[in-house]
Amino acid sequence: MERLMSTQEVRALSAPERRRRRGIITMGGLGLFALAVFAILPKEGQPVTYSFVLGDEWILIKEWIVNSKSAALGFAIASLLAVVLATLQFKAGKTVRLASAIFAVSFLMSFLSWAAAGKFIPFTGLLQGGLLLSVPLIFGAMAGVLSERSGVINIAIEGQLLAGAFVSGVLASLLHNNWLGLLFAPIAGALISLLLAVFAIKYGIDQVVLGFVLNVLVIGLTSFLYKKLLIPYQSEWNSAIAFNPINIPILSKIPVIGPILFSQSIIVYLMYVVVAFIHIALFKSKWGLRTRAVGEHPTAAESVGIDVNKIRFKNVLWAGAVAGLGGAFFTLGAVGSFSKEMTAGKGFIALAALIFGRWSPLGAVAAALIFGFADNLQGLLTITGTPIPSEFMLMAPYIATIIAVSGFVGRVRAPAADGIAYKRGGGSH
């Protein structure tokens, strides 16, 4: 590929501009890779069937059958055209987000056309599954936004998710009422956050170490109770049934989008509300202004009468409640019953989504969706069969996230006071 700029011009670029330039070069390399590996190297194509009907939604297009080689070629060319568009936008000093999105979709479809040659791909189901796998990640990322925007590092998201999953599943089983189980899930998460808040904010304990300790505590406690109670008395303690999907009238009938977004369980709908509320409140309310102030400049915030540690304490508790609600999805939103360490590191992936999303609610949601979709894609292709070894497919969620954020997240900077304990009247320490 031609160089985007001369050496003198490159030296004059700011750091974010250099990162975007490297990102465009990366996209160009991936586009050429798609053209060569997915489109040119295969000797002949096979039909790929994409299905766009999942249930009883209105039908816009039922199936799309394409030749794998031709489709891979077309989408690879589209990805390269997106690189050209990104280059033009970059030189004009404009954002390259639109071109990046076009490239991501085109590259993915080129890969999918190659990997699924001769296969049937339920495309709507693929997207719906990706959303479902993203739900606990999104709840966890929102918990991270609430606490870290306040200046408290929340490594304990994993423990908060697991506590919510355990309590919701057990109480729903004992009380034979999913709604009561769902009600107590955020309380369980908030109790873990209470420990985080007391030791991190009041006593100034190292927040990273404390978060890991809390995770180990919850894992050990739930594993012990699972072995002593849930296994021997499974019919009584661990027999909840997951919530049934709720179809929103008319909206659930919209082709493709309807079954993905509007034919979900109550926990998914609560996720929509939580994300919207946090995003609006964080940037449009007095509480949000104060939260961002104590996370960036606690000393200045105190000088205008804001009780820094009080806001941090409350926000950490709310963060735990949000994560606990997300933990309920593992049991009441998915399988019903609790299993040992069923969160499987999702709390740490949620933390990564938070960082990749630059501590922004919508950015964290986008990163979580990438993880969820890539995770579901590797599962589908492993089942249907693909030229790629299954071990490499398991890496897909993480590779996809790295590619997606490479060069386009700009300067990744945590809130200035994140992780720094604050002593009233004495500043941070």
* Structure fact -> Flagged in region 266-306 as among the small types (Gly, Ala, Ser) and without any contact (Cβ under 8 Å) to a residue 60 or more places away in the chain, in numbering order, are Ala276, Ala281, Ser285, Gly288, Ala293, Ala300, Ala301, Ser303, Gly305
* Structure fact -> Within region 239-252, the count of residues that are free of Cβ contacts under 8 Å to residues at least 60 places away in the same chain and assigned to a loop (DSSP other than H, G, I, E, B) comes to 5
* Asked: When Ser113 is evaluated against the numbered criteria (1) assigned by TED's automatic domain parsing to the domain that holds Glu44; (2) on the phi > 0 side of the Ramachandran plot, which criterion, by number, is the only one it fails?
  -> (2)
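Would you call Pro255 assigned to a loop (DSSP other than H, G, I, E, B) and over 21 Å from Leu161 (Cα atoms)?
Details: assigned to a loop (DSSP other than H, G, I, E, B): yes; over 21 Å from Leu161 (Cα atoms): yes.
For Pro255, the condition - assigned to a loop (DSSP other than H, G, I, E, B) and over 21 Å from Leu161 (Cα atoms) - is met.
To keep it simple, each residue is scored yes or no on (1) at pLDDT below 95; (2) out of contact with any Gly (no Cβ under 8 Å at 6 or more places or on another chain); (3) farther than 25 Å from Arg424 by Cβ; (4) not assigned by TED's automatic domain parsing to the domain that holds Lys340.
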site	(1), (2), (3), (4)
Leu161	no, no, yes, no
His176	yes, yes, yes, no
Gly181	no, no, yes, no
Ala188	no, no, yes, no
Ile205	yes, yes, no, no
Leu214	no, no, no, no
Val218	no, no, yes, no
* Filter region 226-245 down to residues that are hydroxyl-bearing (Ser, Thr, Tyr) and surrounded by 14 or more Cβ atoms within 10 Å (Cβ to Cβ) and give me whichever is farthest from Val335 (Cα to Cα). => Tyr226
* Asked: Only one of (1) touching a residue at least 60 places away in the same chain (Cβ under 8 Å); (2) over 22 Å from Val365 (Cα atoms) is not met by Leu171, so which one is it?
  -> (1)
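Pick from Ala71, Ala143, Ala99: which is within 20 Å of the chain's Cα centre (by Cα), crowded, with 20+ Cβ neighbours inside 10 Å and part of a helix (DSSP H, G or I)?
Working: Ala71 fails: within 20 Å of the chain's Cα centre (by Cα); Ala99 fails: within 20 Å of the chain's Cα centre (by Cα).
On inspection, the qualifying residue turns out to be Ala143.
The values are calculated or read from the model by the stated rules, or taken from the named source; none is laboratory data. Not measured: the values here are computed from a predicted model. Cβ coordinates were reconstructed from backbone atoms using ideal geometry, including for glycine residues, and neighbour counts include every protein chain displayed.
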